Amino acid sequence: MGLHPLEFSECYLDSPGFREKIKSHEAELEKTNRFIKELYKDGKNLINATKQLGMAQRKFAQCLGEFQFEYIGDAKTDDEKCIDDSLLEFSSFLKNLEDQRELMMRNITETLMKPLEKFRKEQLGAARAERKKYEKETEKYYSSLEKLLNMSAKKKEPQLQEADSQVEVMRLHFQEESLDYVCKLQEIQERKKFECVEPMLAFFQTVFTFYHQGFELANDFDHYKQDLQINIQNTRSRFEGARLEVNELMKRIREAPQEYRQTSPISSEGYLYVQEKRPPPFGSSWVKRYCTFVKEQKILHMVTFDHRSGGKMGETESVTLKSCVRKTTDVLDRRFCLDLDITDRPGTVLTVQSMSEDDHKFWMQAMGGKEPLGHYLGRTCSKERGIDAQLDDLGMGFVQNSINAIEKRGINDQGLYRVVGVSSKVQKLLALMIEEKSHEVDLSTSEEWDVKTITSALKLYLRSLPEPLMTYGLYKDFINPAKSGSPESRFQAIHCLVHKLPDKNQHTLGLVLKHLANVADHSKQNLMTVANLGVVFGPTLMRPQEETVAAIMDLKFQNIVVEILIKQHQKIFAGAPESCPASGGPVLLAPTRQSKKVARQNRPLAVYNPQALDIKSVSPDGSSPTPAADDGSTGSSDSVESQPSSRSPPLATPSDTPPEKSGHTPLSSPLSNTSTGGGASHAGSAGSRETNLTGAVSSDEAQAEESVPVARKAEAVYPCEAEHDSELSFLIGAIFTGVTPSREPGWLEGVLDGKKGLIPENYVKFL
């Protein structure tokens, strides 16, 4: 059984049982007091620990945001740019989360800690004060009563009456105090049931609201995460392709290092030991210097550099060369020496020593020495592999034959073009197919050659051509658009360049790209997406004339070019463009856009407020009624405050400048109907609209529904990439049908390629 009730009538009797009941009530209040003090202490520790966690996470986020990746080369791909920005995005999400946590801690202090401490001090403290008064009145009353009872009966009557009246007054005071104390005890016993639990409810409401907002942040992050995963996968695929090329180049250089020595028509570089003569009897010394010989001016730049001294670099000395003569060993007992006649030091001969016989020949050739010149034998794929591949009728017939066979027999094979055939069989097939009788072999019906052998032979043929399909001369022109500019400007530049290719190259390239687009259309079965095909065919269709690591670092841009060619092959090969940008002209930059990252406002956390609850609005099962919402609205089971749309109309801009497309924030519904936060809703369908707390549609919307807008056709004047599922992506010249004004200012709704979505109003013109 719980505590016994304290009857007011017992205050007058003041029995031992009554006193025991009071003691049990007092003990219960004392236990409650200790509980609140302990809870308050633990709450403080929780807040401090959470603050420490927040500080650690903010420091971690700061560390993420301050680091930047360096890259090799002169440009980054779009995927690499997104990866570079990812640490800053991670930092931003963590800081946003910690902002919400800080708000949660602030609200916990206000909703849990302060109310509990206030109850302990005001209510339990008042009970203690009443107890002291009660005990004091008890002591006074019973002391005066004993004194009265001990008075002599022989006292005079007035004295006895006065004593009786004094005791009576004390008895009345004692009984009044007893009544007040009993009332206070029972009031606090009942009050603590809600005064203690209500802050607990607010605490959990605050905690769950924090986790709910974390869930909303996770939803926002999910879109970014999916895009970043694609960026990472694309970058990893390109890395694997580049790594294979680098390893192959390293292997070839290791086998014949002199053939791959870096040379240029402008200058030659390398180490030489330079003889420095000293006055007798000190003789001479040989100092290693890194030398750069500029051929046209015949200037030799020399800088002292010693690897053993920690790579310390000395001053640069420059001399002008008049002639170079090989120094024989009978004159100087050192091998690989040259005598350099210096014009700016008449009568002075500078003696240098090269590192080896090959190095000696190299410098003799570079400086115009009088020894017979060695020559550099460049490597070609066809000579290395023993295959005389040519872009002639036989070769083009082999390409068409291979494509027909692959599309008939293996278009759905997993890893098509990635799974390679046996090298000996591949070379045997290719050698057979480029002979005069190749037309007699139909690969689409021949069982002798499997699909992976055919795909490998096709790739080998394309890579064995003396010049790649996209030619050495246009290599840099193809690469440059992939390094900068908007998707539309890249497409326009590549479209123009394709039509500068020789007819045979252009025709063969068209066959290959049409086939690769067909392969990509079956990517659900063969797993070869456009990005995967770009990795495989980037170095196959285009490559630089010089094989260097720097050139291999551009392999990722080759992949991007091939991806664009595959995606846009129909438009590119439908005909030459009407106009092309001037060579070396400025690149059309992408329109100014807001970040793809969803911008979420920091909202105050929901605070439990019992006074704000409307008991009548709660249904019998305890759930809140759902506000009425029309079909297509983005309402939730919780009532939310009406928020204005976060889409703002795009700014009016000159016709030659791409406009800025406004971003938007998806609607987020808080846990409680007392939440003060809320995001702006962006409609996912034509009928989507916002509702206020009662679900009523605004008068403006009602008037808009009365007049049905006329659907029109429009043409895109700027390219646009969708930031949300409800928006449309399109290129310049795209034609939209069924275009009508959207409910959101500055936006239209229309249909493109069978998909309905939102269009920025000033990105199009009506037809």
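Residue 334 fulfils the conditions (1) open to solvent by 50 Å² or more (accessible area, probe 1.4 Å); (2) at pLDDT below 80; (3) assigned to a loop (DSSP other than H, G, I, E, B) except for a single criterion, (2).
Only a single item in (1) assigned to a strand (DSSP E or B); (2) open to solvent by 30 Å² or more (accessible area, probe 1.4 Å); (3) at pLDDT 85 or above is not met by residue 319, and it is number (2).
For segment 76-99, which positions are over 30 Å from residue 206 (Cα atoms), open to solvent by 50 Å² or more (accessible area, probe 1.4 Å) and among the hydrophobic types (A, V, I, L, M, F, W, C)? Residue satisfying the conditions is 82 alone.
Given the structure, is residue 501 assigned to a loop (DSSP other than H, G, I, E, B), surrounded by fewer than 20 Cβ atoms within 10 Å (Cβ to Cβ) and at pLDDT 90 or above? Considered against the rule, which asks whether it is assigned to a loop (DSSP other than H, G, I, E, B), surrounded by fewer than 20 Cβ atoms within 10 Å (Cβ to Cβ) and at pLDDT 90 or above, residue 501 comes out as yes. For segment 36-44, the criterion of being closer than 29 Å to residue 113 by Cα and of a type in the set (Ser, Thr, Tyr) is met by at least one residue.
Yes/no matrix, rows are residues, columns are (1) touching a Pro at 6+ places or on another chain (Cβ under 6 Å); (2) surrounded by fewer than 18 Cβ atoms within 10 Å (Cβ to Cβ); (3) modelled with pLDDT of 80 or more:
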site: 209; (1), (2), (3): no, no, yes
site: 214; (1), (2), (3): no, yes, yes
site: 227; (1), (2), (3): no, yes, yes
site: 231; (1), (2), (3): no, no, yes
site: 239; (1), (2), (3): no, yes, yes
site: 251; (1), (2), (3): no, yes, yes
site: 257; (1), (2), (3): no, yes, no
site: 293; (1), (2), (3): no, no, yes
site: 310; (1), (2), (3): no, yes, no
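The one condition from (1) closer than 19 Å to residue 511 by Cα; (2) open to solvent by 10 Å² or more (accessible area, probe 1.4 Å); (3) in a helix (DSSP H, G or I) that residue 480 does not meet is (1). Total residues in segment 409-468 satisfying the condition of being farther than 27 Å from residue 547 by Cβ, modelled with pLDDT under 90, assigned to a loop (DSSP other than H, G, I, E, B) and open to solvent by 30 Å² or more (accessible area, probe 1.4 Å): the figure is 6.
Only residues that are of a type outside the set (A, V, I, L, M, F, W, C) and under 15 Å from residue 275 (Cα atoms) were counted across segment 342-360, and they come to 4. Would you point out the residue of segment 8-26, among those that are in contact (Cβ under 8 Å) with a residue 60 or more places away in the chain and outside any helix (DSSP H, G or I), that is farthest from the chain's Cα centre (by Cα)? Across segment 8-26, the extreme among qualifying residues is 14. The set of residues from segment 51-70 being surrounded by fewer than 16 Cβ atoms within 10 Å (Cβ to Cβ) and either over 16 Å from the mean Cα position of the chain (by Cα) or part of a helix (DSSP H, G or I) (or both) comprises 51, 52, 53, 55, 56, 57, 59, 60, 62, 63, 66, 70. Which of the numbered conditions does residue 73 fail, given that it passes all the others? Conditions: (1) open to solvent by 40 Å² or more (accessible area, probe 1.4 Å); (2) on the phi < 0 side of the Ramachandran plot; (3) modelled with pLDDT under 90. For residue 73, the failing item is (2). Are any residues in segment 146-189 in contact (Cβ under 8 Å) with a residue 12 or more places away in the chain and outside any helix (DSSP H, G or I), and if so, which ones? Result: 151, single match.
Collect the residues in segment 733-766 that are surrounded by fewer than 17 Cβ atoms within 10 Å (Cβ to Cβ), touching a strand residue (DSSP E or B) at 6+ places or on another chain (Cβ under 8 Å) and under 21 Å from residue 492 (Cβ atoms), keeping them in residue-number order. Listed by number, the residues that qualify are 733, 735, 765.
Number of residues in segment 504-530 that are among the aliphatic types (A, V, I, L, M), touching a residue at least 60 places away in the same chain (Cβ under 8 Å), out of contact with any Lys or Arg (no Cβ under 8 Å at 6 or more places or on another chain) and buried (at least 21 other Cβ atoms within 10 Å of the Cβ): the value is 3.
The values are calculated or read from the model by the stated rules, or taken from the named source; none is laboratory data. The structure displayed is predicted, hence computed values, not measured ones. No Cβ is skipped: glycine too gets one built from the backbone with ideal geometry, and neighbour counts run over all protein chains shown. All accessible areas refer to the heavy atoms of the entire protein, side chains included, with ligands and DNA or RNA removed. Shrake-Rupley method; radii C 1.70, N 1.55, O 1.52, S 1.80 Å.
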